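The values are calculated or read from the model by the stated rules, or taken from the named source; none is laboratory data. Just so it is clear, the structure is predicted and the values come from calculations on it, not from any experiment. Here the Cβ is made from the backbone with ideal geometry for all residues, glycine too, and neighbour counts use every protein chain on show.
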Amino acid sequence: MDTDTLPTLPPNASFLTRLRLSIHSLNVLAGDPANTHYGPLLNACLDGETYAKMARMWRESPEGRRLLDERPSLQGRELDLDALERLPDGTLGRELMRYFRTNGIEPFVTAFPIETDVDYLSKRYRETHDLFHVLTGYGTDERGEMELQAFVLGNLGVRQAVLILAYSVPRQLEQRGLQDLVPYLRKLRAAYQRGRHSRELLSVKYETLWEQPVSALSALLCAPA
């Protein structure tokens, strides 16, 4: 990939520029969900203000300040994958490894520098995505992904989820027809409401919870499905 030709977000970019880059990023990510340039670009285009507001709120609590100061990481190169694999069935670490194997997914890695709280929260959002699947039980098929987007919209208020969900509706209409659209939208609404009534999942220090049962963590952190 020639990094000299990759688009970047200009300083003080207008809303239309952000929207144009966001749609372009979504088109790329549809075929390459793990792309290490366009994922962060989508974050930057739509959710810089979201993460800035979140960082200010976190700084007001001891637990939030600790996370922002310590900046724990779930990047693949910093996880002991062999140790997680050896944990008992049903634990968070073991089930995350099962999720990776079942779906042919590699742990998240990024080369973007982390210099600010906003940088960190942007990275944290992307690297917890797979854990959110494990905890919420939403699948990795297209509908499961959209349910998770609706959940995180309710849970975290990330704007990119709005664009991703809007992008999905015409696809569902084309693939399944009008008769299936209303049940689909009901599922998204239910996932959104579930996210609103769940604990803020981004603020959990998962690095200390690998040996905990997923069932117990899900019951503690997530509202009932």
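Mind listing whichever residues of region 21-35 are surrounded by 15 or more Cβ atoms within 10 Å (Cβ to Cβ) and either on the phi > 0 side of the Ramachandran plot or of a type in the set (S, T, N, Q) (or both)?
Those that are surrounded by 15 or more Cβ atoms within 10 Å (Cβ to Cβ) and either on the phi > 0 side of the Ramachandran plot or of a type in the set (S, T, N, Q) (or both): Ser22, Ser25, Asn35.
Name, by its number, the condition in (1) exposed (fewer than 11 other Cβ atoms within 10 Å of the Cβ); (2) closer than 24 Å to Thr36 by Cα that does not hold for Pro62.
So Pro62 meets the others, but not (2).
From the residues in region 100-127 that are of a type in the set (Ser, Thr, Tyr) and touching a helix residue (DSSP H, G or I) at 6+ places or on another chain (Cβ under 7 Å), which one is surrounded by the most Cβ atoms within 10 Å (Cβ to Cβ)?
This residue is Ser122.
What residue, among those in region 128-139 that are without any contact (Cβ under 8 Å) to a residue 40 or more places away in the chain and more than 17 Å from Thr50 (Cβ to Cβ), is surrounded by the fewest Cβ atoms within 10 Å (Cβ to Cβ)? Write out each step before concluding.
Taking region 128-139 first, the residues without any contact (Cβ under 8 Å) to a residue 40 or more places away in the chain are 129-130, 133, 139.
Filter once more, keeping what is more than 17 Å from Thr50 (Cβ to Cβ): 130, 133, 139.
Values: Asp130: 19, His133: 20, Gly139: 13.
Across region 128-139, the extreme among qualifying residues is Gly139.
Just to be sure I understand the filter: pairs with C-beta atoms under 8 Å, separated by 6 or more residues or on different chains, first member in region 1-15 and modelled with pLDDT of 80 or more, second member in a loop (DSSP other than H, G, I, E, B). Which pairs pass?
Pairs found: Leu6/His37.
Taking into account only those residues within region 66-96 that are part of a helix (DSSP H, G or I) and of a type in the set (Asp, Glu), which is surrounded by the most Cβ atoms within 10 Å (Cβ to Cβ)?
Checking each candidate, the answer is Glu95.
Output yes when any residue across region 33-41 is in contact with a Phe, Trp or Tyr (Cβ under 7 Å, 6 or more places away or on another chain) and either under 12 Å from Arg126 (Cα atoms) or basic (Lys, Arg) (or both), and no when none is.
Of the residues in region 33-41, the ones in contact with a Phe, Trp or Tyr (Cβ under 7 Å, 6 or more places away or on another chain) are 40.
Still in the running and either under 12 Å from Arg126 (Cα atoms) or basic (Lys, Arg) (or both): 40.
Taking every residue of region 33-41 in turn, at least one turns out to be in contact with a Phe, Trp or Tyr (Cβ under 7 Å, 6 or more places away or on another chain) and either under 12 Å from Arg126 (Cα atoms) or basic (Lys, Arg) (or both).
On the basis of being more than 21 Å from Thr50 (Cβ to Cβ), in contact (Cβ under 8 Å) with a residue 40 or more places away in the chain and in contact with a helix residue (DSSP H, G or I) (Cβ under 8 Å, 6 or more places away or on another chain), does Lys205 make the cut? Quick ask: steps written out before the conclusion?
On the way: more than 21 Å from Thr50 (Cβ to Cβ): no; in contact (Cβ under 8 Å) with a residue 40 or more places away in the chain: yes; in contact with a helix residue (DSSP H, G or I) (Cβ under 8 Å, 6 or more places away or on another chain): yes.
Taking the combined requirement at face value, the residue does not satisfy it.
From the list Leu42, Leu68, Leu9, which one is aliphatic (A, V, I, L, M) and under 16 Å from Leu163 (Cα atoms)?
Leu42
Filter region 30-57 for residues that are part of a loop (DSSP other than H, G, I, E, B) and closer than 16 Å to Phe112 by Cβ; which is modelled with the lowest pLDDT?
Here is the first cut: in region 30-57, the ones part of a loop (DSSP other than H, G, I, E, B) are 32-37.
With the extra rule that they be closer than 16 Å to Phe112 by Cβ, the set shrinks to 34-37.
On the way: Ala34: 69, Asn35: 76, Thr36: 73, His37: 79.
Looking at the filtered set, the residue picked out is Ala34.
Rundown of residues vs (1) within 22 Å of Val158 (Cα to Cα); (2) aliphatic (A, V, I, L, M), yes/no style:
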{"residue": "Leu74", "(1), (2)": "yes, yes"}
{"residue": "Arg77", "(1), (2)": "no, no"}
{"residue": "Leu87", "(1), (2)": "no, yes"}
{"residue": "Asp119", "(1), (2)": "yes, no"}
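Of all residues in region 3-29 being in a helix (DSSP H, G or I), of a type in the set (A, V, I, L, M) and touching a helix residue (DSSP H, G or I) at 6+ places or on another chain (Cβ under 8 Å), which is nearest to His129 (Cα to Cα)?
So in region 3-29, the residues in a helix (DSSP H, G or I) come out as 3-5, 15-29.
Remaining after also requiring of a type in the set (A, V, I, L, M): 16, 19, 21, 23, 26, 28-29.
Of the ones still in play, those that are also touching a helix residue (DSSP H, G or I) at 6+ places or on another chain (Cβ under 8 Å) are 19, 21, 23, 26, 28-29.
Numbers: Leu19: 23, Leu21: 22, Ile23: 20, Leu26: 16, Val28: 18, Leu29: 14 Å.
This residue is Leu29.
Picking from Val169, Val158, Val204, which residue would you name as being among the aliphatic types (A, V, I, L, M) and within 13 Å of the chain's Cα centre (by Cα)?
Details: Val169 fails: within 13 Å of the chain's Cα centre (by Cα); Val204 fails: within 13 Å of the chain's Cα centre (by Cα).
The conditions single out Val158.
Can you go through Arg189, Arg171, Arg176 and tell me which one is free of Cβ contacts under 8 Å to residues at least 12 places away in the same chain and either more than 14 Å from Leu221 (Cβ to Cβ) or among the polar types (S, T, N, Q) (or both)? Working first, answer last.
Working: Arg189 fails: free of Cβ contacts under 8 Å to residues at least 12 places away in the same chain; Arg171 fails: free of Cβ contacts under 8 Å to residues at least 12 places away in the same chain.
Of Arg189, Arg171, Arg176, the one residue that is free of Cβ contacts under 8 Å to residues at least 12 places away in the same chain and either more than 14 Å from Leu221 (Cβ to Cβ) or among the polar types (S, T, N, Q) (or both) is Arg176.
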